[in-house]
Amino acid sequence: MTESGGLAPPGGRPIGGLSDFSASGFHSVRIVSVVGGRPNFVKIAPILEAMGEVPAIVSRLVHTGQHYDHEMSRVFFEDLKIPEPDFFLGVGSGTHAQQTARVMMEFERVLAQEGPDLVVVVGDVNSTLACALVAAKLLVPIAHVEAGLRSFDRTMPEEINRVLTDHLSEYLFTHSEDADRNLRREGIPGERIHFVGNVMIDTLRKYEPVARGKRTAEALGLSPGSYAVLTLHRPSNVDDAESFAAILDALEAILPTLPVVFPIHPRSRKRLAEFGFEERIQHLQNLRLCDPFGYLAFLSLMLDSRLVLTDSGGIQEETTALGVPCLTLRENTERPVTVRLGTNVVVGTRPDRVAAETLRISEAGAGRGKTPPLWDGRAASRIVAILRRHPVAAGADR
Ligand code: UD1
């Protein structure tokens, strides 16, 4: 346990430890960045790297501990060379209220101690909103990376996190013109909105060459282009037995034609056991059920796949950037640019439709699609170019 009351930290110092933030340069911008869950790590990596190149920025990293398993957290720090967090809050899992509240209580202590000029939050996980709420109440300006995404579906916890975080933020960094439009429609002043591109794609472009050498498919005995990848973790798909069973029905129809690799999220693995589906899944021929992969191994798996079936947001974007066909197992997407320009098709979750579309795209391919504007590997440097100009009060105590 850390002093802040959590699980074993991946290296962060407990709150109350000495910080050298206060001794930082007179006019430097002191920024605390936050990560909590798996997709956050991929987004923060290029931002921290770009901040590291600017002497006028002093940066601290907080890991809330929302994700804590080795393959959900640590491996991303290793693969993406993310510096050790300065603070690990160790909040772990729980109900939404428990998780959000725990992050808030611990993060308030960090901000009280560090007194930063800015807080950077990314994405839409519970940690994102929790830290934004704390910063807003302490009058610390917030920068939200990946602002403006909307599924217009308030049954998704992420949608609530997105809307509230955006409305608390001073800097809204967007990755598509759809996002800009959503924010303007909600009355957010234009001067706060900055269309900078997609930081996830910065990471993807940087690590694509390394990932190509990983040969994940080969290690599973599969040849490139001969298999599909499935990922599944949305509460709407896996927390309800009937919905989860419908996806297994679709899988059963696909498998005789197309082998499927299914790296299973801890949430989904738990539900499989709870719903008594384990035996059914063990008997599915051609299915490779495995633990979640690290970033590089999973990128390699996607690169060599024939198509991807997913309910993840980030994977819809990564497949678009890679030109790999993606079938989204949801009724909507907050990332319509991946459908309009990219390789994404939102197919819903009806087993017959999922199976038919998968087999059709497996035969025909989805066409390569286009990479959306500013998904060019330079989003983080655009963000940091803006943040470095953040006005800081020159006080005697700095
Ligand atoms: C969270 C995010 C989601 C994101 C996803 C990526 C919210 C509301 N959701 O969903 O937007 O796409 O992360 O993975 O923040 N668990 C473990 N080990 C871990 C992490 C989680 O076993 O390292 C288990 C826990 O038992 C927990 C369950 O997975 O109950 C769900 O974790 P949680 O962080 O609540 O949400 P995710 O489903 O991972």
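Three principal axis extents, largest first, for the C-alpha atoms of the range 183-300, in Å?
56, 38, 24
Say each of S223 and R185 gets a label point 7 Å from the Cα, pointing the same way as Cα to Cβ; how far apart are those two points in nm?
4.7 nm
Leaving out ligands and nucleic acids, and using a 1.4 Å probe, what accessible area per residue does the range 213-303 come to in Å²?
Using a 1.4 Å probe on heavy atoms only, each residue of the range 213-303 averages 43 Å².
Through the Karplus equation 6.51 cos²θ - 1.76 cosθ + 1.60, θ set to phi - 60°, convert the phi angles of the range 144-149 into ³J(HN,Hα) values in whole Hz; use x for Gly and Pro.
3J(HN,Hα) across the range 144-149, in whole Hz: 10, 9, 5, 7, x, 6.
Could you sort 97-103, 275-281 so that the peptide with the highest average Cβ count within 10 Å comes first and the rest follow in order?
97-103, 275-281
Which whole-number percent gives the relative contact order of the range 304-394, counting Cα pairs below 8 Å spaced six or more residues apart?
Over the range 304-394, the number comes to 26 percent.
Got the relative contact order for the chain handy, in percent, Cα pairs under 8 Å and 6 or more residues apart?
Computed value for the chain: 17 percent relative contact order.
Once Lys and Arg get +1 and Asp and Glu get -1 on their Cβ, which of G65, L80, V103 lies farthest toward the positive end of the dipole of the range 29-120?
V103
Students sometimes get this wrong: rank R378, R30, R181 by accessible area, probe 1.4 Å, all chains present, largest first.
So the residues, ranked largest to smallest area, are R378, R181, R30.
So what's the projected area for the chain, the Cα convex hull averaged over all directions, in nm²?
The orientation-averaged projected area of the Cα hull of the chain comes to 18.3 nm².
Take the Cα coordinates of the range 246-398, assign each an equal point scatterer, and use the Debye formula without solvent to give log10 I(q)/I(0) at q = 0.12, 0.17 Å⁻¹.
At q = 0.12, 0.17 Å⁻¹ the computed log10 ratios are -0.59, -1.03.
What does the charge count around L287 come to, taking other residues whose C-beta lies under 12 Å from its C-beta (Lys +1, Arg +1, Asp -1, Glu -1)?
Net charge around L287: +1.
Under 14 Å from the Cβ of V261, count the other residues' Cβ atoms, weight Lys and Arg +1, Asp and Glu -1, and hand me the total.
So the environment of V261 carries a net charge of +1.
Let me have the 222 nm mean residue ellipticity of the chain computed from DSSP H runs of 4+ only, each contributing -39500 (n - 2.57), with the sum over all residues rounded to the nearest 500.
Per the formula, -12500 deg cm²/dmol.
Just by accessible area at a 1.4 angstrom probe, what is the order of H70, H283, H233 from largest to smallest?
H283, H70, H233
Any idea of M51's accessible area? Nearest 10 Å², probe 1.4 Å.
0 Å²
Round to the nearest 10 and give me the degree value, 0 to 90, for the angle of helix 241-254's Cα axis relative to the longest principal axis of the chain.
50 degrees
First select every other residue whose beta carbon is under 10 angstrom from the beta carbon of Y227; then total the charges, Lys and Arg +1, Asp and Glu -1.
Within the 10 Å Cβ shell, the charges total +1.
The values are calculated or read from the model by the stated rules, or taken from the named source; none is laboratory data. Owing to the predicted nature of the structure, the values given are computational and were not obtained by experimental measurement. Reconstructed Cβ throughout: ideal geometry from the backbone, glycine too, with neighbour counts over all protein chains shown. Each accessible area value is taken on the protein alone, full model and side chains, heavy atoms only, with ligands, DNA and RNA left out. Shrake-Rupley method; radii C 1.70, N 1.55, O 1.52, S 1.80 Å.
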